[in-house]
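Participant: My structure is below; once you've seen it, I'll send some questions.
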Amino acid sequence: MENLDGLVSLLIACIELLFVINLLVFAKKNTVNKLVITQVILLFGYQLFEFLICFAGFNSQLFVYLALLDITLLPPLGLFTILLYAGKLKKFHLLIFVPALFFIVYYPLVIDQLAVTKCTLLYATYHYPLGPLYATFYYLPIIGSMIILNKKWGAESDPVKKSLTRIYFFGYLFTFIPAMIIAIFVPTFATAVESLLCKMAFVLAIFLTIFALKNKG
């Protein structure tokens, strides 16, 4: 087989699909778990899109847009879920989806500027407008999520809930702190951050799956 591009994405997609099936069968269907399952589905979806783009040749602007749409929803959905889990969710918190919705609406208007610039076995790189602005609104919800989880973990007195919160927090910690460190020392990471970060988010998918299976509340 000459073309190996995207095969790591396929491997991760297959494993994350197994996570989704297990969650749909065994996890209690409370609101927090439903949102967590949706996040794992989105993580699976991105890996599937990257496989189709890099291996199967579905590299049109439409598929690039769908891949970006998928990952654009993840940070605000994660923050929304954590606010709900922490008991801090208010109606105005729906506003955290506004930046994501902006990009979801804006990118179809400039779809001709979306492109895959490189595919490898491990990652893909993309070109899309407003990259720095997109990155800013992408990482802010992630940072906010980690802060809220850390505070809830420290303040929790119930041993079961404290253990659950620790699992949730470690999922974010072990995914994004290594990513930030690697981004500082490996220039390639910054050029393919969307793809590589989603690869590293396989760790988050593991922790989210464990959390949802244990979250019986």
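The values are calculated or read from the model by the stated rules, or taken from the named source; none is laboratory data. Because the structure is predicted, anything quoted here is derived from the model rather than measured. Note: ideal-geometry Cβ built from the backbone for every residue, glycine included; neighbour counts use all protein chains shown. The area values use the complete protein model at the heavy-atom level, side chains included, leaving out ligands, DNA and RNA. Shrake-Rupley method; radii C 1.70, N 1.55, O 1.52, S 1.80 Å.
Participant: Identify all residues within the stretch 6-47 that are of a type in the set (D, E, K, R), in contact (Cβ under 8 Å) with a residue 12 or more places away in the chain and open to solvent by 60 Å² or more (accessible area, probe 1.4 Å); write none if there are none.
Facilitator: Once the filter is applied, which keeps residues that are of a type in the set (D, E, K, R), in contact (Cβ under 8 Å) with a residue 12 or more places away in the chain and open to solvent by 60 Å² or more (accessible area, probe 1.4 Å), the stretch 6-47 yields only Lys28.
Participant: I'd like the full set of residues that are outside any loop (DSSP other than H, G, I, E, B), over 14 Å from Ala201 (Cβ atoms) and of a type outside the set (A, V, I, L, M), limited to the stretch 1-37.
Facilitator: Answer for the stretch 1-37, where residues must be outside any loop (DSSP other than H, G, I, E, B), over 14 Å from Ala201 (Cβ atoms) and of a type outside the set (A, V, I, L, M): Cys14, Asn22, Phe26, Thr31, Asn33, Lys34.
Participant: Right, here's the next one. Those residues that are touching a helix residue (DSSP H, G or I) at 6+ places or on another chain (Cβ under 7 Å) and either in a loop (DSSP other than H, G, I, E, B) or open to solvent by 10 Å² or more (accessible area, probe 1.4 Å) (or both), I need them from the stretch 55-69; list them, please.
Facilitator: Within the stretch 55-69, Phe55, Phe58, Asn59, Gln61, Phe63, Tyr65, Leu66, Leu69 qualify.
Participant: Also: Within the stretch 112-135, can you find the residues that are over 19 Å from Ala201 (Cβ atoms) and open to solvent by 50 Å² or more (accessible area, probe 1.4 Å)?
Facilitator: Those that are over 19 Å from Ala201 (Cβ atoms) and open to solvent by 50 Å² or more (accessible area, probe 1.4 Å): Asp112, Gln113, Thr117, Lys118, His127, Leu130, Pro132, Leu133.
Participant: Report yes if some residue within the stretch 57-67 is at pLDDT 95 or above and closer than 15 Å to Lys199 by Cα; otherwise report no.
Facilitator: Within the stretch 57-67, one or more residues are at pLDDT 95 or above and closer than 15 Å to Lys199 by Cα.
Participant: Out of Ile184, Ile148, Ile143, Ile167, report the one residue that is farther than 23 Å from Val8 by Cα, in contact with a Leu (Cβ under 8 Å, 6 or more places away or on another chain) and of a type in the set (Val, Ile, Thr).
Facilitator: Checking each option against the conditions leaves just Ile148.
Participant: Can you confirm whether Lys91 is in contact (Cβ under 8 Å) with a residue 12 or more places away in the chain, open to solvent by 40 Å² or more (accessible area, probe 1.4 Å) and charged (D, E, K, R)?
Facilitator: Here the answer is no, as Lys91 does not meet what is asked.
Participant: Next question. Please name all residue pairs, on different chains or six or more residues apart, with Cβ atoms under 6 Å, provided the first residue is in the stretch 194-217 and is within 15 Å of Met180 (Cα to Cα) and the second residue is not in a helix (DSSP H, G or I).
Facilitator: Within 6 Å, the pairs are Ser195/Tyr123; Ser195/Ala124; Leu196/Tyr123.
Participant: Right, next: Name the residue, out of Tyr139, Tyr85, Tyr172, Tyr168, that is at pLDDT below 95, within 26 Å of Ile210 (Cβ to Cβ), surrounded by 15 or more Cβ atoms within 10 Å (Cβ to Cβ) and among the aromatic types (Phe, Trp, Tyr).
Facilitator: The unique qualifying residue is Tyr139.
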